[in-house]
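Every read-out reported here was derived from the displayed coordinates using simple, explicitly stated rules and does not represent laboratory data. The shown structure was predicted, so the numbers you read here are calculated from the model rather than taken from an experiment. Glycine also receives a Cβ, built like all others from the backbone with ideal geometry; neighbour counts cover every protein chain displayed.
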Amino acid sequence: MNDLAGGISFADVALSLCLVAVAVVISRVQHADLETDIVVATVRSFTQLLAVGLVLDYVFASHGGLTPVIIAVMIVTATLTSGSRARRVPGARWIAAASLTVASAGTIGLLLVLRIIPAVPRAVIPLGSMIISNAMNTTSLVMTRLRDDLAAHRREVEARLSLGQTSAEAAGPWHRSALRTGMLPVIDNTKVVGLVALPGAMTGMLLAGASPSAAIRLQLVVMYMLLAGNAFAALVAGKLTVGRFFTADHQLIRSLRRMPS
Amino acid sequence: MGDRFELRDIRVEGDDGPILEGFSARIPADGLTAVVGPSGSGKTTLLRMLNRLDDPDGGEILFDGRDVRSYDVLELRRRVQHVGQVPVTFPGTVADNVGAGWEELLPRVHLDAGLGGRLADLLSVGEAQRMCLARALARGPDCLLLDEPTSALDTASKGEVERLVRSLADDGLTVVMVTHEPRQATEIADRIITVAPAGDAP
């Protein structure tokens, strides 16, 4: 089989279950007690991807107008995930919704306006999903990091407020470090791309039979897109989270002061 | 001189019931006022409300005759400086921490001006607490709020800080000091305000 694209049948998928069996056997023999998890993961991945495949077949074939709906569903799911990760951040869901919307709209919008990608579902949906899943991690990281840092350093934050600093100034050092925490993983990935691992988009194109030079051009656009998407997400999540931890009168909110540090 | 602060019927809710309820007091502009009471009685909360690090859930607080909420909060905090129990040092030298005028301010808090170039992290706790006082004085306040300023200190530096606080009050600053030590209150304060736990008869 030389062409992988379209060349894998459901019979092939069934055969590849032997790889799952390998994992189950190893877990059983080594008493890792993960057999149930492996089976659940296998069943879930099968049904989730089957459903997504059917939906995408439908949208790609003739219903491109549904693209914004698909993107919206992804944003909502990511928002709920990120929002529940950041417990005790007031309004975490709204922060996540804003940060993910800005990240995906800003980045995809720029790619479309510059005509780097065509406005077709086949381009917008996969790229959007990459931006959203990356921005989701960034948003969760920025929110939880700020929450933990401001709670742990509340004495210092309040000492700064007492000296007459605004809430933005008083939170400044921790705001900056949360931005760095959110943005560094993507920057590091961009630095070592190709050296440590062949990234997803490129791998996909190579498996589908594209030339390596075409694959790297797409991968470069994807990496730059993720840099921008994460920067947008970190910026919005950072600003809004700091805003929620202080009152309009530059006071730390009570729930944060009473949080165990 | 008139009242620097007037607290009227203050109520503060905590997680398990009220911290302060129906609390009223006047703090004159001159001298050193000590705030005493058992731990958990709301002394610290009371002090934090005077520069609006916190707001009461009921009642009102007047500063120089006007509701504290009617002031620009950043200007209020510049005039009413709060120094916490544990000294907080910022990155950099002592001079960076105190800011402009540190050469005059360090001797005023009984610190050697030669310490200006030292990293603030390397000060002893007693020195750091005095540096925090210098940093507060650098803002040109009318009033100092001190939350158990000596509780983290050893006996020697404690006496030093007590003398310093007393001299600042003598220089005309309004000083409000929370303390859990009756001895400290009676020895250095001009007057004492007692905070009873909410629920106790006044």
Per residue of the range A:204-210, what does 6.51 cos²θ - 1.76 cosθ + 1.60 with θ = phi - 60° give for ³J(HN,Hα)? Whole Hz please, x for Gly and Pro, Karplus curve as stated. x, 5, 5, 4, 7, x, 6
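Give the Kirkwood hydrodynamic radius (Å, one decimal) of chain A, defined as one over the mean of 1/r across all pairs of different Cα atoms. Display every interim value, and only then the final one.
Details: mean 1/r = 0.0476 Å⁻¹.
When all Cα pairs of chain A are included, the Kirkwood radius is 21.0 Å.
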Which residue, chosen from A:119, A:70, A:185, occupies the Cα position most advanced towards the positive end of the dipole of the range A:41-189, where the dipole is computed from +1 (Lys, Arg) and -1 (Asp, Glu) charges on Cβ about the Cα centre? A:185
Would you pull out the residues with amide H under 5 Å of residue B:13's amide H, same chain only if 5 or more places away, H placed 1.01 Å from N? B:19, B:57
Between the alpha-carbon centers of the range B:144-191 and the range A:235-253, tell me the distance in whole angstrom. 34 Å
Measuring from label point to label point, each 7 Å out along Cα→Cβ, what is the residue A:62 to residue A:112 span in nm? 2.4 nm
With x for Gly and Pro, the residue-by-residue ³J(HN,Hα) of the range A:62-73, computed from phi through the Karplus equation 6.51 cos²θ - 1.76 cosθ + 1.60 at θ = phi - 60° and given in whole Hz, is 7, 10, x, x, 7, 3, x, 5, 4, 4, 5, 4
Just the number, please: percent antiparallel of the DSSP beta bridges in the protein assembly as shown, rounded to the nearest 5. 50 percent
Given the Cα-Cα distance of residue A:249 and residue A:214 and 0.36 nm per residue of separation, how much length would full extension add, in nm? 7.1 nm
If I model a spin label at residue B:62 and residue A:120 as a point 7 Å from the Cα along the Cα→Cβ vector, what separation in nanometres do I get? 7.7 nm
For a quick protection proxy, order the peptides A:226-232, A:151-157 by their average other-Cβ count within 10 Å, most packed first. A:226-232, A:151-157
Tell me, rounded to the nearest percent, the portion of alpha carbon pairs in the protein assembly as shown spaced more than 35 Å apart. 50 percent
Search the structure for amide H atoms under 5 Å from the amide H of residue B:35, placed 1.01 Å from N in the peptide plane, and list their residues when 5 or more places away or on another chain. B:177, B:178, B:179, B:193
Under a cut-off of 24 Å between alpha-carbon atoms, report the lysines in cross-link reach of residue B:43, not counting same-chain residues fewer than 8 places apart. B:158
Provide the per-residue ³J(HN,Hα) series for the range B:150-166, in order, calculated from phi with Karplus coefficients 6.51, -1.76, 1.60 and θ = phi - 60°, each as a whole number of Hz, with x at glycine and proline positions. 10, 5, 8, 9, 7, 4, 5, 6, 4, x, 4, 5, 4, 4, 4, 4, 4
Simple spin-label estimate for residue A:72 and residue B:96 in nanometres, 7 Å along Cα-Cβ: 5.1 nm
For chain B, build the charge dipole from Cβ charges (+1 Lys, Arg; -1 Asp, Glu) around the Cα centre, then report which of B:99, B:161, B:184 sits farthest towards its positive end. B:99
Cα long-axis angle, helix A:92-113 against chain A (0 to 90 degrees, to the nearest 10): 60 degrees
Gyration tensor verdict on the range A:94-184 (Cα atoms; rounded if a/c is under 1.5, prolate if a/b is larger than b/c, oblate otherwise): prolate
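Calculated FRET efficiency, residue A:166 and residue A:48, Cβ-Cβ r, R0 60 Å, to nearest 0.05?
According to the calculation, E is roughly 0.85.
Quote the FRET efficiency, to the nearest 0.05, computed for residue A:184 versus residue B:180 with a Förster distance R0 of 35 Å and r equal to the Cβ-Cβ distance.
Values: r = 45 Å, r/R0 = 1.29.
In this case the efficiency is close to 0.20.
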For chain A, what relative contact order do you get, as a whole percent, if you take Cα pairs closer than 8 Å and at least 6 residues apart? 25 percent
Any chance you could check the Cα centroid distance between the range A:121-165 and the range B:33-51 for me, in angstrom? 35 Å
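Take every DSSP beta bridge with both residues inside the range B:55-190 and express the antiparallel ones as a percent of the total, to the nearest 5.
Values: 3 of 12 bridges.
Just about 25 percent of them are antiparallel.
Restricting to Cα pairs below 8 Å that are 6+ residues apart, what does the relative contact order work out to for the range B:50-118? Please round to a whole percent.
On the way: 39 pairs, mean separation 16.3, N = 69.
Worked out over the range B:50-118, it gives 24 percent.
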Once you order the gyration tensor axes a ≥ b ≥ c over the Cα atoms, which shape class does the range A:1-101 get: rounded for a/c under 1.5, otherwise prolate or oblate by comparing a/b with b/c? oblate
